[in-house]
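Every read-out reported here was derived from the displayed coordinates using simple, explicitly stated rules and does not represent laboratory data. Keep in mind the model is a prediction, meaning the values are calculated, not measured. Here Cβ is always computed from backbone atoms with ideal geometry, including for glycine, and neighbour counts include all displayed protein chains.
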Amino acid sequence: MASKIIHAAGGVVVRGGARRRFAVVQRSKDGLWVLPRGKLKRNERPIVAARREAAEETGFRVRVHEFVGAITYRTRGRAKIVQFWRMDAAARPTLEVAKDVVAIKWLPLAKAVRKLSYPLEKLFLSGVGHRRLADRKRSLRRMASARGAKAKRPGRSTRRKSR
């Protein structure tokens, strides 16, 4: 008889403006550092569980964005699938942190990757995090470009004529 799959969800939770920081949490049961995540409750949708778990484990309300991927591994003889969404944390913590979390660290991407305990999560965050930072840079360039276009007056060139 095949064993049931364990379903979990979580977030790649980020906060900060230009100095982006990624959340990693330390579990009380084993002291390991992981991304905020947890098992789905009965009949709970993965995206709802991801928001709930990220908020419970970081103490911050989060805004959920796009799905960024999943990791799959075996634990205690059963397959486990953890789905992740990109999330932005609120400016300040507003919630009580769950009892199963000993510590939370907000770290730059490279330090967050090094802090994680599981090699699979390190690889996952590294790929997703670099993509996230690249998306952020593109977004900032687009915003700056749009502001620059608004600042130009119609009919006037911004180039200087060479003499």
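Observations, loosely collected:
- For region 20-121, averaging the sequence separation of C-alpha pairs within contact (under 8 Å, six or more residues apart) and dividing by the residue count gives a relative contact order of 40 percent.
- Loop-located trypsin sites (Lys or Arg not before Pro) in region 1-81 whose Cβ has at most 13 other Cβ within 10 Å (DSSP): Lys4, Arg19, Lys29, Lys41, Arg42, Arg76
- Fully extending the segment from Arg114 to Ala18, taken as 0.36 nm per residue of separation minus the present Cα-Cα distance, adds 32.5 nm.
- For region 1-110: rounded, prolate or oblate by the Cα gyration tensor [a/c cutoff 1.5]: prolate
- Part-to-part distance (alpha-carbon centres) for region 95-131 and region 9-53, which is given in Å: 9
- Subtracting the Cα-Cα distance of Ile81 and Ser28 from 0.36 nm times their residue separation leaves 16.9 nm of extension gain.
- Stretch gain in nm, segment Asn43-Thr94, where the contour uses 0.36 nm per residue and the Cα spacing is subtracted: 15.7 nm
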